[in-house]
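Input: a single structure, listed below in structure tokens.
All of the numbers you see were taken from the coordinates with simple rules; none came from a lab. Predicted, not measured: the structure shown is a model, and the values here were computed from it. Note that we place each Cβ from the backbone using ideal geometry, even for glycine, and neighbour counts take in every protein chain shown.
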Amino acid sequence: MRTHPLDSLPAAIPAGPVRSVLVFCGSRSGSDPRHAQLAAAVGRTLAERGVGLVYGGGALGLMGECGRAALAAGGRVEGIIPRFLKDWEVAEPLCNEMIVVDSLHSRKHLMFEHADAVLALPGGLGTLDELVEVLSWRNLRLHAKPVWLMGDGDFWQPFLALLDHVVQSGFASADITTYVECLPDADALAAALSLP
Ligand code: AMP
């Protein structure tokens, strides 16, 4: 296969210690109650480890579960929400900090700037959009922050299969499959946060 100019881009600056994690997840709870339990376990784990949670700031669905669990466990929680979604998605009133921005693009950019790692839990189109954008930035060597996937019941399997398919079809280097790491549960997140 012919090489692509992207393959010789210089590496991104290595990621630093993880002091805050950006969590992408659904504004709905999904059909499997295990998703909500997992989102709450993630919020608790971050708080117990003294790691800040950065997220979209919504009080609905898995976003609400994760944010409230972190707050209940004494964690630091920063929400970033576009003005037009503030009422519609119900901004979580208990967040330590709520930043209101003008657009989804600003939200995504600021959330990413304020976090040292990214964790995607199950979600819908918004979650997928956010995850794919972060991976595409990684592919352009704009960052080297860890990107973790976590979901009960093989939720992310079709997504991983799609990445493989893109590689097999010659549209990306096999590197893209190394940009994500699957964590089976919140204990694995705690272990990943303990790594130097
Ligand atoms: P969803 O996974 O669709 O429930 O959405 C999760 C979060 O992503 C919600 O806060 C949505 O407002 C947000 N979202 C939806 N579409 C986008 C998008 N195109 N870019 C960034 N965030 C989005």
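Observations
- Single match in Gly52, Gly79, Gly43, Gly58 (criterion: within 16 Å of Met111 (Cβ to Cβ), within 11 Å of the ligand (Cβ to nearest atom), in contact (Cβ under 8 Å) with a residue 12 or more places away in the chain and within 14 Å of the chain's Cα centre (by Cα)): Gly79
- Boolean, Glu97 is away from the ligand (no atom under 11 Å from the Cβ), of a type in the set (Asp, Glu) and free of Cβ contacts under 8 Å to residues at least 60 places away in the same chain: yes
- Taken as a whole, the condition of being near the ligand (Cβ under 10 Å from one of its atoms), in contact with a Cys (Cβ under 7 Å, 6 or more places away or on another chain) and in contact (Cβ under 8 Å) with a residue 24 or more places away in the chain applies to Leu121.
- Residue among Asp152, Asp185, Asp129 that is in contact with a Lys or Arg (Cβ under 6 Å, 6 or more places away or on another chain) and either more than 21 Å from Leu104 (Cβ to Cβ) or not β-branched (Val, Ile, Thr) (or both): Asp152
- Set side by side, the residues Asp102, Asp129 differ, and just one is without any contact (Cβ under 8 Å) to a residue 40 or more places away in the chain, in contact with a helix residue (DSSP H, G or I) (Cβ under 7 Å, 6 or more places away or on another chain), within 15 Å of the ligand (Cβ to nearest atom) and not β-branched (Val, Ile, Thr), which is Asp102.
- Here is the figure for the stretch 1-52: residues that are assigned to a loop (DSSP other than H, G, I, E, B), surrounded by 12 or more Cβ atoms within 10 Å (Cβ to Cβ) and among the β-branched types (Val, Ile, Thr) total 2.
- When each of Ile99, Ile80 is tested for being in contact with a Lys or Arg (Cβ under 6 Å, 6 or more places away or on another chain) and part of a strand (DSSP E or B), the lone residue that passes is Ile80.
- Qualifying residue in the stretch 161-172 (condition: free of Cβ contacts under 8 Å to residues at least 40 places away in the same chain, exposed (fewer than 14 other Cβ atoms within 10 Å of the Cβ), in a loop (DSSP other than H, G, I, E, B) and of a type in the set (Phe, Trp, Tyr)): yes
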